[in-house]
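The values are calculated or read from the model by the stated rules, or taken from the named source; none is laboratory data. As the structure is a computational prediction, the values presented were derived from the model and not from experiment. Note: ideal-geometry Cβ built from the backbone for every residue, glycine included; neighbour counts use all protein chains shown.
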Amino acid sequence: MKRFYPSVSSKLPQPSSYSPIATSVEQNLNRLEEQPQSSKRQRQGIDLDSLLTDPKERIPIRDYHPNERDEIKREYLRRGPCQPRHHKFPQRDFSGLKRRFNPKWFDEYRNWLEYSVIEDAAYCLCCYLFQDEDIHQGGGDVFSSLGFKSWQKKKRFDMHVGKSSSIHNHAKRKCEDLIKQKQSNQTSFDRHSSQTKLEYKIRLKASIEVVRLLLNQGLAFRGHREDES
C-alpha cells in the first residue's frame, strides 16, 4: 500500500489551513464525547424545565437546533398534553348562540387534545411535535399552530384524527416511536460501550484526515479506474 499511498503526515497543512467543513465535524464529535452522561435535563444549552407549557407560547419545533429536537419532543411527551381542566373557559358568540370549550373533550381525546388559556383555542400535541410540509391536510395547521376555536363544530376533532393514514395518526405513530426511544440516534449512541465509542471516533477521524488531504491537495475523492492497480 505504501508504494501507492506514501506517508503524508509531514505534508499535512497546519490547523489554520484545515478545511472548515472537516474541522466543524471533528468539533461536534468532540463535544458529543465530552458531554457528561448525568446531563439529562439540559443538553446542547437547552433547559428542558423552562420549556413553555401553553401551546400558544411554545416555540415551533423546527426553530430548535436539529440536535435538540428529539430531547425536547420527549420532554413534551413526558409532560403530556396541556389540559387545564379546572380553568373557567370563556364563552364565545356563534350566530347568537353562546359556546365554549368543553373540558369533557379532554377525556374523549386525552392523548393529544390541548387547550391554550392565553388564546382560548384547542391544539394537537402530536401535530405540534411533528409538523411536516403537508401538515395543513386534515386541519393539521389549525391544530398545530393557529389554534381551533369553532366550539360549535366539535366534529372537527374527529375529522382531524381521520383515518389510520391521516397526517394526525402519522404524527401520533412518530410520538410512539420516540417514546420507545428506538428512533433516536443519540439514545443509540449512549447505549454503546466506551470502547465502541472510541473505535467509532478513530474511524471517523481517519475519514476526516483523508478528506482534509484530498481537499487541500485538490485531488478527486474517487478515481475513474476500477482495476486492482
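Looking at the stretch 59-74, is at least one residue among the aromatic types (Phe, Trp, Tyr), within 28 Å of residue 177 (Cα to Cα), modelled with pLDDT of 95 or more and surrounded by 10 or more Cβ atoms within 10 Å (Cβ to Cβ)? The answer is no; no qualifying residue exists. Selection over the stretch 101-130 of residues that are under 19 Å from residue 169 (Cα atoms) and more than 25 Å from the chain's Cα centre (by Cα) gives a count of 4. The sole residue among 98, 88 that is surrounded by fewer than 15 Cβ atoms within 10 Å (Cβ to Cβ), over 28 Å from the mean Cα position of the chain (by Cα) and either modelled with pLDDT of 95 or more or on the phi > 0 side of the Ramachandran plot (or both) is 88. When 194, 145, 166 are checked against the criterion of being exposed (fewer than 15 other Cβ atoms within 10 Å of the Cβ) and either in contact with a helix residue (DSSP H, G or I) (Cβ under 8 Å, 6 or more places away or on another chain) or modelled with pLDDT under 90 (or both), a single residue qualifies: 194.
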